[in-house]
Structures are given as C-alpha cells and as structure tokens.
Amino acid sequence: MSKLYKIFTGSIVIPLVAIVFGLIVGAIIMLVGGYDPLLAYQSLFEQVFGNLYDFGETLREITPLILTGLAVAFAFRAGLFNIGGEGQFIVGMTAATFVGVKVTGLPSIIHAPLALIAGALCGGLWAAIAGYLKAKRGVNEVITTIMLNWTALYLGNYIVNAFMLPEGMDHSEEIQSTASISIPSLVNFFNDARMHWGMLLAVLASVFFYYFMWKSKQGYELRAVGHNPNAADYAGMNVGRNVVKAMFISGIFAGLAGAVQVLGVFHYQSIMSGSPGIGFDGIAVALIGMNHPFGILLGGSLFGILTYGSAGMSFGAGVPPELIRIVIGSIIFFIAAQGIVRWVLKPLYSKRKKEKVL
C-alpha cells in the first residue's frame with residue numbers, strides 16, 4: 001500500500017467521509033418519514049449560527065463533551081474501557097458544588113481554581129477505584145465503572161440533600177460568586193449565553209493529553225501497557241500502577257467536565273432523578289475523534305453542534321430532535337466500519353494513481 005493511499009485514507013479523511021455518510025443516512029430517514037432533509041439541515045445550521053446567543057450556547061454545549069471524550073479516549077489509549085465517565089462527571093460536579101457553596105471568605109482567584117481542582121481530583125479518585133480493583137483483583141473495569149456510575153448518582157443526591165439543600169427546593173444553594181468561572185464580558189457579548197473559562201480549559205486539556213501521551217515517558221508507558229501488558233511487564237514497567245494512573249487521569253478529565261458545568265453554567269446542583277448523560281456521550285465523542293485529543297476537539301464540536309441544533313430541526317422542519325441520534329449513530333458506525341469507507345474511496349484513489357502513471 002502506497003504512502004498516498006495511507007494519507008488519503010488516514011485519520012482525517014475517514015471521519016470526514018463518515019460524517020457525510022451519517023448525514024446522508026439521516027437525510028434518507030427524513031425522506032422516508034415525509035420530512036424535508038434540506039430544510040432540516042438548514043434549520044439546524046441556523047439554530048447554531050443564526051445569532052450570537054445560540055452560537056455561544058453551542059460552545060457551552062461542546063465544552064463538557066470534549067472533556068468527557070478526553071476521559072474515555074485517555075483510558076482507551078491505555079487499553080482500558082472507562083465507561084464510568086458519567087459517575088466521574090457527577091462526583092466532580094458534587095465536589096465542585098460543595099466547595100463552591102461551603103467554602104467562604106476566599107477571593108475569586110483562589111476559590112474558583114480550588115473548586116475546579118476539587119472536582120477534577122474527586123473525579124480522578126472515583127475512577128481510580130476501578131483502576132485499583134482492575135490492577136489488584138483483576139476485576140473488569142467495565143463492570144466496576146457501571147456500578148460506580150449509579151453509586152455516584154445516589155451519593156451526589158445524598159450529599160446535596162443532606163448538606164446543601166434549602167428547604168422546599170429541588171437543587172442546592174447557589175455557589176458563592178467567588179467560585180464562579182463565568183466570563184461576564186463574553187456573557188454580555190453573546191447576549192447572555194452562559195460563557196465560561198471551561199471552554200479554554202477543554203482546549204488546554206486536549207493539549208495536555210497530546211503532550212503527556214506522546215511526548216512523555218509516562219505516556220509511553222501507558223501506551224505500552226495498553227498495547228501489550230505482558231510485554232510491558234517484561235520490560236520492567238509496573239502494569240498495575242499504570243492502570244491506576246491511567247484511570248485516575250481519565251477521571252480527572254470527566255470530573256473537570258462536571259466541575260465546569262456547575263461553576264460556569266448552572267451555579268448549583270439539582271437532585272437528579274437520572275444520569276445527565278454527558279459522560280455516556282463522551283464515549284461517542286471519543287469514537288468520532290478516533291481517540292486522538294485533537295480529533296476529540298472536532299468530534300465534540302460536531303456532537304455539540306448536532307445536539308444543540310436538533311432543536312432547530314424540530315422547530316424549523318418539524319423533524320423529531322431524537323432523529324439526530326440516528327445521524328450520530330450512523331457516523332459512529334461508519335467510523336467503526338472503516339472498511340466500508342475505504343471501499344468507497346478506493347475507486348477515487350485508483351483513478352488518481354492511474355492519472356499519475358499517465
């Protein structure tokens with residue numbers, strides 16, 4: 001296989017083609033259902049980019065998806081399936097809320113970072129429980145993280161209810177103003193869209209992911225353990241320690257996502273009847289981004305645009321917003337089934353190769 005073919009069917013082209021295929025599948029389903037796909041996609045586009053408020057809210061929607069996507073991808077790179085981003089997200093949210101509500105008398109420059117760090121670390125420690133059980137007892141991390149998701153949900157509700165719930169309310173007290181990471185100037189510029197520093201943190205987290213995983217000795221060890229734990233052990237690497245470390249860092253990303261949602265968007269935590277779903281959406285974002293941090297920036301952006309824009313499809317074209325999940329699912333399918341994409345691209349490559357010979 002030539003270098004040209006490898007480049008043409010590489011990590012950039014395959015997701016792009018998969019996105020196009022997913023949109024086509026969605027359009028076909030709309031046609032079958034009697035809807036106008038062109039009007040639907042136009043309405044989606046207008047919902048996202050039609051005004052400053054909706055564009056700002058789209059950026060807000062994208063931020064936690066990037067962070068939970070990074071959480072899933074980081075564990076994947078170390079050979080682990082962290083399906084517990086949802087629980088880590090909730091734990092990070094609860095810890096940040098507790099610090100934001102209960103800690104008083106601190107200036108913003110200390111209080112807000114402290115709440116963010118508390119959320120991130122607690123999310124990491126929650127994920128490290130599954131890592132420890134995997135390393136020391138051989139317990140499959142999929143099982144433990146699923147169980148920890150439900151534990152986190154009920155633990156978060158208990159903490160809010162027992163320590164931060166005003167009488168007659170269904171959510172906690174609001175965090176202290178000094179713990180907020182909202183950006184008032186951007187909020188005003190985007191017509192009261194909930195803009196916050198978490199958007200910058202998501203980008204910095206992606207950069208950290210890249211340099212840690214591919215430019216550091218510890219990242220090399222994590223990838224080696226992920227590729228072949230037996231060979232890594234033979235080479236003198238501590239496999240168990242690296243498993244716990246990978247889950248801990250993975251959980252930090254998800255915990256940070258929960259923290260920025262509280263500190264930058266809602267400024268309180270509700271009693272939840274079910275999981276918010278952002279941690280599970282991170283799995284889809286990681287798959288769309290092919291487990292690469294910069295791919296996840298694009299994958300999270302696409303997911304956020306489709307999710308927020310689905311309301312526009314509903315109002316502008318009468319299309320059920322749930323249909324956007326079919327589009328996302330189709331994109332993931334075509335990314336997973338890369339052989340189909342390569343088969344479609346092969347004639348184009350063959351034509352280019354023939355033109356080059358002539």
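The values are calculated or read from the model by the stated rules, or taken from the named source; none is laboratory data. Values in this document were obtained by computation on a predicted structure and should not be read as measured data. All Cβ positions, glycine included, derive from the backbone under ideal geometry; neighbour counts span all protein chains shown. The area values use the complete protein model at the heavy-atom level, side chains included, leaving out ligands, DNA and RNA. Shrake-Rupley method; radii C 1.70, N 1.55, O 1.52, S 1.80 Å.
Considering each residue of the stretch 263-289, count those that are out of contact with any strand residue (DSSP E or B) (no Cβ under 9 Å at 6 or more places or on another chain), crowded, with 20+ Cβ neighbours inside 10 Å and not charged (D, E, K, R), and give that number. Residues flagged as out of contact with any strand residue (DSSP E or B) (no Cβ under 9 Å at 6 or more places or on another chain), crowded, with 20+ Cβ neighbours inside 10 Å and not charged (D, E, K, R) within the stretch 263-289 amount to 10. Return yes when Gly251 is at pLDDT 95 or above, assigned to a helix (DSSP H, G or I), in contact with a Gly (Cβ under 6 Å, 6 or more places away or on another chain) and over 15 Å from Arg77 (Cβ atoms) and no when it is not. Judged against the criteria, Gly251 is not a match. Of all residues in the stretch 178-200, those satisfying the criterion of being open to solvent by 50 Å² or more (accessible area, probe 1.4 Å) and touching a residue at least 12 places away in the same chain (Cβ under 8 Å) are Leu186, Phe189, Asn191, Asp192, Arg194, Trp197. If the condition is being under 24 Å from Ile271 (Cα atoms), in a helix (DSSP H, G or I) and of a type in the set (Val, Ile, Thr), then the stretch 158-194 contributes Ile159, Val160, Thr178.
Checking each residue in the stretch 57-77 for being open to solvent by less than 10 Å² (accessible area, probe 1.4 Å) and either closer than 12 Å to Met247 by Cβ or not in a helix (DSSP H, G or I) (or both) picks out Ala71, Val72, Phe74, Ala75. Annotation note: of Gly50, Gly92, Gly34, the sole residue that is modelled with pLDDT of 95 or more and out of contact with any strand residue (DSSP E or B) (no Cβ under 9 Å at 6 or more places or on another chain) is Gly92. For Gly219, the conditions (1) touching a residue at least 12 places away in the same chain (Cβ under 8 Å); (2) part of a helix (DSSP H, G or I); (3) not aromatic (Phe, Trp, Tyr) are fulfilled apart from (1).
The residue of the stretch 219-248 that is modelled with the highest pLDDT, among those that are surrounded by 14 or more Cβ atoms within 10 Å (Cβ to Cβ) and basic (Lys, Arg), is Lys245.
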